[in-house]
Each structure stands twice: as structure tokens, then as C-alpha cells.
Ligand code: GLN
């Protein structure tokens, strides 16, 4: 049994759970294992302790970290990500929380969980009104397959980008994999998907699409990590 949690304090947790449910039907490891995936909402340290992996949804990162602090979850989350090194995936505001540094906000600093040795630029594309959907190439989805993957319809809503690597990223075993840039024609410098060890992040919102491919890919990574445990 693999228990996958979704942090359910604020933001798009219900949408992630919906896509995870659908993704569990698409896993490449056969029917027996599919049944062994348990999905759960996480609002308390006790619920987090039952999880083998966690999604941090989009929403508003300052609010998310305030509510996490009030719920006594900040330290357990840091422990989950950085000490236990369990698989985590942050989307948009969730990605911001998983970065070691974020660009200053009007109200000054915000508590982050960390785990990715990068600095993230919040609200990079502007305000809510400047939200957009953009096809992005995600070659990592097609690893091991000969056919080229169709681009992913990436939903950007007040999205962050990763624009700076921190020096810790040079340490042995801390390599950062840049999985997608925007725009995806190779000219863009803005990193919109990346992975460092157990921590995966996307600037955009796959849970707001019908496209289940990233959820399937991530669940397969989670199951692989669990088997190697
Ligand atoms: N801009 C938001 C923040 O800083 C994130 C937006 C989102 O998750 N859609 O938290």
C-alpha cells in the first residue's frame, strides 16, 4: 500500500485528488498495484505521518504557509521533505513553498518549507487577469518511449518561475534536473518544471486540465521510490 496525501489547507487540493484518482487507473505497474494506492487529504501532522508522498497544491503561498504554521505543520513538512526525503510535488504556490528562497513580497518574507536549492520569482507573469494556457513540451513524460509526446496544456495563474540556482545546488548528489522551460522553443530562460531528488515542482496547474499524464508519471515515480525504500 502506498499512501499519497494532498495538503488540504487551501487552494486546489480537490482537483489534485480528482486527477490522482484517474491517474491511479493508468499506472504502468498493473492492476494489483493500482488497488494499493490510497489517497488522503492532509490537514494535521497526524495525517501527514500516514503518507508516503505528498502534493502541495496551488493557491496562495503566503496563506498556505500561515495556515500550515497555525496547524503545526511547518516543521513536520520540512522533516517530510528534507529529512525523510519522501516524494513531494508542488504546483504553483506549492512549488513556491518548496523553494529555499522566494523573491521578496510587499509584506516582506514568508515562511517556506524548502527542499529545492533555487530562488523562485513569484507572480512572474503578472496578475490574475494575465492568466493563460500555453502548450509546453515535457520530454520527461515520454522517457523510454519512441513516440514524441504531445505538448502539455499548461495553465499559468499568477505563476512563479525559477530564475536562480543557489550555490548548495553544486553539492554532490544535489543535482537539479530542469524538466521544462517557458517558452518551450528553447529560447526561454524561465524554468517551469524541475526536480531535485525527491522534490518535483511545476509552475503551472496540471490539476486544472483533463490531461492526466503528469499525475500518472509522478505516481509511477512514487511507487518506484517506495519499492526501492
Ligand atoms: N502567485 C501565487 C503565490 O504567490 C501562486 C498562484 C497559484 O498558485 N496559482 O502564492
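The values are calculated or read from the model by the stated rules, or taken from the named source; none is laboratory data. Note that the structure is predicted; figures quoted are calculated from it, not measured. Here Cβ is always computed from backbone atoms with ideal geometry, including for glycine, and neighbour counts include all displayed protein chains.
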Check: Is the range 170-182 home to any residue that is more than 16 Å from the ligand (Cβ to nearest atom), modelled with pLDDT of 90 or more, surrounded by fewer than 13 Cβ atoms within 10 Å (Cβ to Cβ) and part of a loop (DSSP other than H, G, I, E, B)?
Finding: yes
Margin query: Looking at the structure I just gave you, is residue 60 closer than 22 Å to residue 17 by Cβ and within 15 Å of the ligand (Cβ to nearest atom)?
Written below: yes
Note to self: Which pairs turn up if I take residues in the range 43-64 that are free of Cβ contacts under 8 Å to residues at least 24 places away in the same chain and within 14 Å of residue 201 (Cα to Cα) and look for partners that are within 16 Å of the ligand (Cβ to nearest atom) and in a strand (DSSP E or B) with beta carbon separation below 8 Å, at least 6 apart in sequence or on another chain?
What the structure shows: none
Check: Before we move on, is residue 207 within 16 Å of the ligand (Cβ to nearest atom), on the phi < 0 side of the Ramachandran plot and within 14 Å of the chain's Cα centre (by Cα)?
Finding: yes
Checklist line | Filter result (part of a helix (DSSP H, G or I) and surrounded by fewer than 23 Cβ atoms within 10 Å (Cβ to Cβ)) within the range 53-64 | finding: 62, 63
Check: Can you spot a residue in the range 207-220 that is part of a strand (DSSP E or B) and in contact (Cβ under 8 Å) with a residue 40 or more places away in the chain?
Finding: no
Next item on the list: Could you please find all residues in the range 111-131 being at pLDDT 90 or above and away from the ligand (no atom under 12 Å from the Cβ)?
Entry: 111, 113, 114, 115, 116, 117, 118, 119
